[in-house]
Structures are given as structure tokens and as C-alpha cells.
Amino acid sequence: MKNINRDLQLTSGSVLLRPYRLSDVDAVYEAVLESKAELSPRMYWYHPGYSIEEARTWVESCDEAWERESEYRFAITDSGSGVFLGSCALTIVNREFGVAEIGYYVRTNRTKQGVATTAVSLVIQFGFNKLKLNRMEIVIMVDNAASQRVAEKAGAIREGILRNRIIVREKAYNAVLFSLIPQDLNPKQEYSVRPLNQQDHAWVVNVLEQYWSSTRMVTRRTVHDADQLPGFIALQNDRPVGLIIYRLHNNECEIVILNSLVEGRGVGSALLETVRDVAISANCKRLWLITTNDNTPALGFYQKRDFLLVALHRNAVKYSRKLKPEIPLVGINNIPLRDEIELELPLLQ
Ligand SMILES: CC(C)(COP(=O)(O)OP(=O)(O)OC[C@H]1O[C@@H](n2cnc3c(N)ncnc32)[C@H](O)[C@@H]1OP(=O)(O)O)[C@@H](O)C(=O)NCCC(=O)NCCS
């Protein structure tokens, strides 16, 4: 990890990352004040009396951290105007093992424009290509959905829950651990799909609990023990990257679960096609599924693959919640979880 020049710039589209300069102090202070409502519940270093002196001390310490090769702190800036947008840092956690942690924030008036995702992706490239790291981690509070989304979009893999891992103002919080290893960045790597077997069971249970709160799934007033149903697993270099679980019933095939753990690489499509083939072989009339009103990514995914919206079951989640109380009240993007939406792919004429 030697001699990373401080003239370094990392850039993609309208975002440019560079090491901090002393002249950044005012901009850092301004951005932190502007973002206090978002930073306050998340960042251990923020407190209501945060001062310009603290901003200065922090900026002044960046050079030394860089020289010691203990932390590489980048100012995220707008590549056109040079305006300070936020911060992204790579902290070496274990030098011998080549393990580092990524932390970040984006000033409030520039969130939801892809800035964090671009910055984190650039720092990941820097970590693997320049520092030759072996593993990078992102540790995120369990309720910080926006940051978890950033980690996912940057290609990180969700590994599990770490208890009491983050402390903010003397209170400990559980965190989700995401990680990346160099192979995660190679999109050309092939993956394979095979039926689930008994050895996969513990992993399946883990995915169901992490993404769906438990192994029980409720669709159209029916509880399914999803870990007992058939399915397929997608593997990349022997590492699980996707899961689909289905149910054959009354000449129909229902997709009960579809989870891709690496987005944008075709894993979801490959799993879906595999189950469609199963359904066709079983002479099913249709392949169908239920999603909830908040799940706009799923609605897009299935419609792009010829699924039709065939029913809106209003307020059905209220009933499902009686059968499965762990269903949360709000879902993706804080949208209240209310309705079940039924989609289908007709299979036979
Ligand atoms: C988390 C944070 C860095 C995100 O920055 P950003 O520049 O807005 O991130 P991006 O625009 O690249 O991506 C945000 C994603 O989260 C989604 N998102 C935003 N708010 C969300 C919410 N409340 N629930 C679920 N998803 C949310 C966005 O829709 C977007 O996903 P999409 O592109 O699929 O629509 C920023 O909100 C922040 O600085 N928060 C405070 C500090 C913090 O939490 N840092 C991370 C500590 S681990």
C-alpha cells in the first residue's frame, strides 16, 4: 500500500473525488451544518455543537492519515463547479490482511442524485486497483435504508447483522455488514444455477430472515414455509449470489421468493428463466407472484420480462400481517406497506 500520490483524482461523470485541502474547511463546515438532520442519527462524530474548529482539525489531520496510510479521505466534489458534495473515506482495518472499511456522507441538498453510489464505486476501484486490498467492508445501521441501497448499487454483498457494532451518542446500534472482494467487480465472471439441496438450507434460512424477516411468507392469505419449498440457487465462484423459491399448485407456478444478491448482472433474470422452464415442463397455465405496493423495482423488473399486472388486492398486507406480524409497516423508500399486487406470465394458450 505504498506511495499513493496526493495529486490523485478519481472521477466519473459529474463527480470528482480528491484528497482534502486546507481550503476545504469552510465548505466542510457548511455542508455538515446543512446536513445535520441526516448526519445526527448516523455519524458518531456529529454533535449539535459541531464547530468550524472541529472541521479544521479534521481537515488538517487528513494529510497525516494519508501519509501514515491509515486512512484515505476523499472530498467528493462536483467535477464542473468544484462544489463540495460530501466525504468518502477508506480506513485500513487490518493492514496484513488487506482489509479496509468505507464510510461516507453526501450533503443534504445533493442526495438522491447518485452521488454516494458513484463516490463509493470509485473508492472501491481505488481500494482494489491501487491499494491491492483483499476485502472492503461497509457497516451500516440496520434502519439506514438509503445507505444500504448505496452499498448494494456499488456491488457490495450483504453478509449479516453485527450486534451493537455502531455507537452514536453513547447508544449502541446493530449494523448490517456489507463487503466486497476483488471478484465481485468482475462482471464477466460466469455464474451457474442449480436446484437447492439440503446443504443450502442454512443459507436459505439466513437469506429469508435477512430480506423477509422470517422463513414464513404470506401471499394471498396463505402462509408458506419458504425454506421447505423447491427452488434454485445462483452461484458465482461457488459463492451464492441469488435465490428463487417457487410453488407448484393447481397447474400454476407461484414465485414465492426471488432475491438477487448482486444487482445488474442478470442473476435475477437467469433464476426467473429457470423457474419459467420448470413451470412450462409441469404444464402450468401461468407463472405468477405477489409483490407489495412499495416494491417499484420488482414491478419494473417483472413487467420488463413480459409479466402482466393482473390484480390489485387492496389492503391485503393488513391481513397478511395478522398471519405474519413481522411484516413491517413501511417498505422500500418509506412507502407504507398496504396492497398486494399480483403479476402473471401466461404460459399456455
Ligand atoms: C446515505 C447517503 C450517503 C446516500 O447518499 P445519496 O447520494 O443520496 O445516495 P445515492 O443517490 O447514490 O443512492 C441512494 C439510494 O437510496 C435510496 N433511498 C434514499 N432514501 C431512502 C430511504 N429512506 N429508503 C430506502 N431507500 C432510500 C435512493 O432512492 C437511491 O436508490 P435508487 O437509486 O435505487 O433509487 C446520504 O443520504 C447520507 O449522507 N446520509 C447521512 C449519512 C449516512 O447515513 N452515511 C452512511 C453511513 S453508513
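Each value in this text was obtained by applying a stated rule to the coordinates, not by laboratory testing. Computed from a predicted model, the values in this text were never measured in an experiment. Cβ placement follows ideal geometry from the backbone for every residue including glycine, while neighbour counts extend to all protein chains displayed.
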Check on Pro41, surrounded by fewer than 17 Cβ atoms within 10 Å (Cβ to Cβ), farther than 19 Å from Ala156 by Cβ and near the ligand (Cβ under 9 Å from one of its atoms): yes
Any hit, the stretch 341-349, residues being within 15 Å of the ligand (Cβ to nearest atom) and surrounded by fewer than 17 Cβ atoms within 10 Å (Cβ to Cβ): no
Conditions (1) more than 16 Å from the ligand (Cβ to nearest atom); (2) in a helix (DSSP H, G or I): number failed by Leu299: (1)
Of residues in the stretch 49-71 being surrounded by fewer than 18 Cβ atoms within 10 Å (Cβ to Cβ) and within 16 Å of the ligand (Cβ to nearest atom), the one nearest to the chain's Cα centre (by Cα): Glu71
Residues of the stretch 269-283 classified as in contact (Cβ under 8 Å) with a residue 60 or more places away in the chain and either assigned to a helix (DSSP H, G or I) or crowded, with 22+ Cβ neighbours inside 10 Å (or both), total: 6
Where Phe301 falls short, out of the listed (1) within 25 Å of Val241 (Cα to Cα); (2) crowded, with 21+ Cβ neighbours inside 10 Å; (3) of a type in the set (A, V, I, L, M, F, W, C): (2)
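To keep it simple, each residue is scored yes or no on (1) away from the ligand (no atom under 16 Å from the Cβ); (2) of a type outside the set (Gly, Ala, Ser).
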| residue | (1), (2) |
| --- | --- |
| Ile140 | no, yes |
| Asp143 | no, yes |
| Ser147 | no, no |
| Glu152 | no, yes |
| Arg158 | no, yes |
| Ala175 | no, no |
| Ile181 | yes, yes |
| Tyr191 | yes, yes |
| Gln199 | yes, yes |
